[in-house]
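Just below is one structure, and these are the notes that go with it.
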Amino acid sequence: MRLEYRKLGSFRFISHLDWLNALKRALRRASIPIGYSGGFSPQMKISLGPPLPVGVEGLREYVDLELTEVRVPLDVVHKLNEELPPELWFLRCESSPDFDIVKFVNFSIYDVFLSSECELKLDGVKGALYKIIKLYPKVYRLFLFLTPGASGIVKLLFSSGLSWQDIFLIRRLGIWRFEDGKILNPFGEVEDLDKYIDKRG
């Protein structure tokens with residue numbers, strides 16, 4: 001099953017590995033029938049999507065679970081949310097599409113909230129940056145390609161001359177596949193890119 005979740009607030013400082021361990025404990029407490037690998041050290045069959053950098057919020061992140069029994073998707077969401085704080089909240093659950101999340105997605109959108117009213121200039125960035133929009137005096141929206149070798153969001157911002165003192169918050173709005181001018185979410189559904197380009201999106 002593929003699940004969509006958010007990671008907000010102080011939990012943005014939890015690393016990818018720590019979140020994986022917390023999810024495993026929540027699955028046990030919720031009695032979700034998760035499958036295990038074979039061998040001498042069986043592991044839960046969990047596959048997280050592209051990691052969030054430590055300190056970055058995520059509004060729509062993804063994880064795949066391999067269950068040993070059929071479960072109603074909404075029940076899985078409710079049971080997990082009973083074991084987790086609101087900042088780590090599952091939003092949706094569907095049968096997993098026949099593609100790997102990490103290999104499928106190649107596009108992401110971030111909102112960057114600055115501590116002071118300064119200009120964010122990424123003129124020298126090539127390849128990774130699709131578009132940058134100034135939403136408000138201290139808020140920028142970045143549209144980035146997740147290409148091999150491309151700089152991560154934090155490194156990208158630091159290359160523009162910013163430091164952590166200049167950044168109030170970084171939030172990833174989601175991850176998609178960019179194809180022929182359209183974006184597809186990790187459930188394989190086409191979404192409207194223009195609603196994110198519009199300041200109200």
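How many residues, within the range 58-92, are farther than 21 Å from Phe187 by Cα, of a type in the set (D, E, K, R) and within 17 Å of the chain's Cα centre (by Cα)?
1
What are the residues in the range 16-55 that are without any contact (Cβ under 8 Å) to a residue 40 or more places away in the chain, over 30 Å from Asp166 (Cβ atoms), in a loop (DSSP other than H, G, I, E, B) and of a type outside the set (S, T, N, Q), if any?
Residues satisfying the conditions are Pro33, Gly35, Gly38, Gly39, Phe40, Pro42, Lys45.
Being touching a helix residue (DSSP H, G or I) at 6+ places or on another chain (Cβ under 6 Å), touching a residue at least 40 places away in the same chain (Cβ under 8 Å), buried (at least 18 other Cβ atoms within 10 Å of the Cβ) and not charged (D, E, K, R) is the requirement here; does Gly58 meet it?
no
How many residues does the range 135-153 contain that are outside any loop (DSSP other than H, G, I, E, B) and at pLDDT below 85?
0
The values are calculated or read from the model by the stated rules, or taken from the named source; none is laboratory data. As the structure is a computational prediction, the values presented were derived from the model and not from experiment. As a convention, Cβ positions derive from the backbone with ideal geometry for all residues, glycine included, and neighbour counts pool all protein chains shown.
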